[in-house]
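A.B. asks: After the structure tokens below, expect a handful of questions from me.
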Amino acid sequence: MWRLSLTVLAACAGAEAMSAPPSGASKPEFELGLHPGESMAYEVRLAGILAGEAQLAVGEIGNINGRRALVVKSRAATAGAAALIKRITDEATTVIDAETGRPISLETVVDIAGKRTFASATFAGRFANVTYRREDEPAPHATKIDFGTEALHDTHTAMAALRGWRAIPGTQRTVYVVGGRRLWRVDVTFAGNETIGTPVGNRRAVIYDGSSYRAKRDLSIESSKPARSFRVWLSDDGDRVPLKVTAKTELGDVVMDLTEYNRP
């Protein structure tokens with residue numbers, strides 16, 4: 001559930017940010033999909049019961065190794081009764097190229113009842129070099145993923161791409177996302193608009209429906225049955241804040257609600 005909360009929020013629908021422009025129209029300008037200095041917090045409920053909390057924060061744009069870049073950090077953890085059963089935290093840090101919106105590097109740490117797993121990835125062109133290690137292992141495992149002609153994303157850049165996507169209802173996109181040591185294929189469709197009630201008030205929202213699949217290193221999927229089906233609501237304004245996420249799991253329905261949003 002803890003990884004689902006961040007994976008669905010961030011990787012659920014990271015389409016290649018723009019739909020094709022009408023014939024004769026100029027190509028839409030690139031949108032980073034992140035606002036430097038912004039932060040957001042969420043509550044995660046499983047079958048109506050508080051099960052987790054998640055936070056995300058975006059740094060300022062600066063010069064990192066000669067590139068205009070910024071850092072995004074997120075953290076998810078069990079809460080309420082779920083934390084009493086098993087304490088779990090999942091932290092991720094991504095360095096993102098501000099000119100392209102693509103990831104430069106990724107670091108994750110997952111702690112399950114005191115046992116930690118570390119994963120990292122570096123992105124270069126069509127390739128992602130991924131390493132992961134449980135803390136009781138003497139050496140890390142390494143793998144290289146060739147994305148071919150597909151876009152390279154992690155969970156944070158996928159979320160940013162979704163926030164910059166302007167599409168017409170029915171438009172569908174697919175993206176491949178590196179999440180920790182896992183590779184996911186995510187199919188998402190722009191479903192339309194509606195007004196929803198949230199803990200931060202009634203908001204007009206754009207809606208995306210999607211399915212995620214575990215993928216192999218050659219980008220083929222492990223099974224044609226979706227690992228998760230979900231729906232995402234983003235605020236229908238310039239901020240495009242993720243307001244709500246719902247997903248069906250084998251343990252019950254997961255609902256993730258925005259509880260706090262701040263932007264300078």
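A.B. asks: For region 113-126, enumerate the residues that are at pLDDT below 90 and surrounded by 13 or more Cβ atoms within 10 Å (Cβ to Cβ).
C.D. replies: 126
A.B. asks: What pairs can you find where one residue is in region 249-261 and loosely packed, with under 15 Cβ neighbours inside 10 Å, the other is at pLDDT 85 or above and polar (S, T, N, Q), and their Cβ atoms are less than 7 Å apart, with a gap of 6+ or different chains?
C.D. replies: From region 249-261, the pairs are 253/246.
A.B. asks: I've got another one for you. From the list 137, 107, exactly one residue is in contact with a Phe, Trp or Tyr (Cβ under 9 Å, 6 or more places away or on another chain) and either modelled with pLDDT of 90 or more or of a type in the set (S, T, N, Q) (or both). Which is it?
C.D. replies: Criteria check complete, one pass: 107.
The values are calculated or read from the model by the stated rules, or taken from the named source; none is laboratory data. Nothing here was measured: the structure is a model prediction, and the numbers come from that model. Please note: Cβ atoms are built from the backbone with ideal geometry, for glycine as well, and neighbour counts cover all protein chains shown.
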